[in-house]
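A short write-up of the structure that comes next.
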Amino acid sequence: MNNNQLSAEYKEHQVFEVLKDIRDLYEFISQNSFGFLPTGLPEEWINIDTYISSSMRGTIDAMALLLGDAFINDAFALLRKYFDEVMVSIFYSVYSEDQIDKNSDKFLYTVEKLKRWTHGKEPSPRYYDTLKYLKRSNRFKALLEMFNFDGENGYKTIRDFLDDNMHLNSYRMFINNDNEIVNESRVKLLSLYSNYLKSIFLFHYTSVIYLKPLYIMSTDYRDCMDCGKTPPESSQYWVAPIADKMFVKYIKPKKDIAIFLKDCTDMGFSF
């Protein structure tokens, strides 16, 4: 299909702005996390979150390309992949911290499960296994309980739809990948896509702030330290402009979550 055949309503849909926002944030987190050693892998010099974030940026870029050409079924398949990426990333962050706490008497403790995963000796955990673990974790369950993972119209609904789409459980889902026929549902599907994408991103970005607040910190503090200068007072709590912009745009409307993050991280978000 020639892109010009798509309606202006489709081409100007707000989902493309959302994708760009998320893509740019992952690019920033990938770069900003590079300066921190990986949790649970003391023998490694490069933070695995640097490459996890850049890979997720690539997934977002691929979504934009597929939606731009109206390959909607394929784009939903990538959205399910993104959901998996989010859950695996959060799982290993939480699991590593939990294991380090349990072995606090051991200096520079290596989390073996994480090491085996990064070396290709252990597969990524499955979605429902990650969710089960996160529900049990004392470190994470307070945040998880703020999200609807089990009830109606929550993350279970999103997951079920994405699974149906992935496995082509209806004829309609085949048709949604045909970009040459007249499909009056395209704009409606974009709106659904946008809502699901924002929900998954909300959970991930909230988790990053909660678990790894240094990743969204302004560089002012480190820049001063690198130059041998005394950092401005409280600059360790300054938030990078792009991270603050995304907080205001995607998290602040969820007032209970925004207040929770402000109280437990002390980061200087705009309120």
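The values are calculated or read from the model by the stated rules, or taken from the named source; none is laboratory data. These figures come from a predicted structure and were not determined experimentally. No Cβ is skipped: glycine too gets one built from the backbone with ideal geometry, and neighbour counts run over all protein chains shown.
Computed quantities for the displayed model
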{"item": "Test: residue in segment 219-237 that is modelled with pLDDT of 80 or more, within 23 Å of residue 23 (Cα to Cα) and not aliphatic (A, V, I, L, M)", "result": "no"}
{"item": "Scan of segment 182-202 for residues that are surrounded by fewer than 20 Cβ atoms within 10 Å (Cβ to Cβ), closer than 14 Å to residue 25 by Cα and of a type in the set (A, V, I, L, M, F, W, C), ordered by number", "result": "202"}
{"item": "Residue match in segment 151-172 (condition: charged (D, E, K, R) and in contact with a helix residue (DSSP H, G or I) (Cβ under 6 Å, 6 or more places away or on another chain))", "result": "no"}
{"item": "Matching residues, segment 9-52, being hydroxyl-bearing (Ser, Thr, Tyr) and over 19 Å from residue 75 (Cα atoms)", "result": "30, 33, 39, 50, 51"}
{"item": "Residue, nearest to residue 87 (Cα to Cα), within segment 200-221, restricted to residues that are assigned to a helix (DSSP H, G or I) and among the hydroxyl-bearing types (Ser, Thr, Tyr)", "result": "207"}
{"item": "Candidates 174, 147 - the one that is at pLDDT below 95 and either within 29 Å of residue 40 (Cα to Cα) or aromatic (Phe, Trp, Tyr) (or both)", "result": "174"}
{"item": "Search result, residues across segment 106-129 that are assigned to a helix (DSSP H, G or I) and farther than 18 Å from residue 40 by Cα", "result": "127, 128, 129"}
{"item": "Matching residues in segment 85-108 - criterion: being of a type in the set (Ser, Thr, Tyr) and either in contact with a strand residue (DSSP E or B) (Cβ under 7 Å, 6 or more places away or on another chain) or modelled with pLDDT under 95 (or both)", "result": "104"}
{"item": "Failed item in (1) under 22 Å from residue 140 (Cα atoms); (2) at pLDDT below 95; (3) in contact with a Leu (Cβ under 9 Å, 6 or more places away or on another chain), with residue 201 passing the rest", "result": "(2)"}
{"item": "Long-range neighbours under 8 Å by Cβ, at least six apart or interchain, first residue free of Cβ contacts under 8 Å to residues at least 24 places away in the same chain within segment 67-91, second in a helix (DSSP H, G or I)", "result": "78/59; 78/62; 78/63; 78/66; 81/59"}
{"item": "Matching residues, segment 149-167, being over 14 Å from residue 75 (Cβ atoms), surrounded by 14 or more Cβ atoms within 10 Å (Cβ to Cβ) and touching a residue at least 60 places away in the same chain (Cβ under 8 Å)", "result": "158, 159"}
{"item": "Members of segment 125-158 that are in contact with a Phe, Trp or Tyr (Cβ under 7 Å, 6 or more places away or on another chain) and more than 23 Å from residue 258 (Cβ to Cβ)", "result": "125, 130, 131, 133, 156"}
{"item": "Residues located in segment 13-45, provided they are within 22 Å of residue 111 (Cβ to Cβ), aromatic (Phe, Trp, Tyr) and within 20 Å of the chain's Cα centre (by Cα)", "result": "34, 36"}
{"item": "Hits in segment 137-179 - residues which are part of a loop (DSSP other than H, G, I, E, B), closer than 25 Å to residue 65 by Cα and charged (D, E, K, R)", "result": "178"}
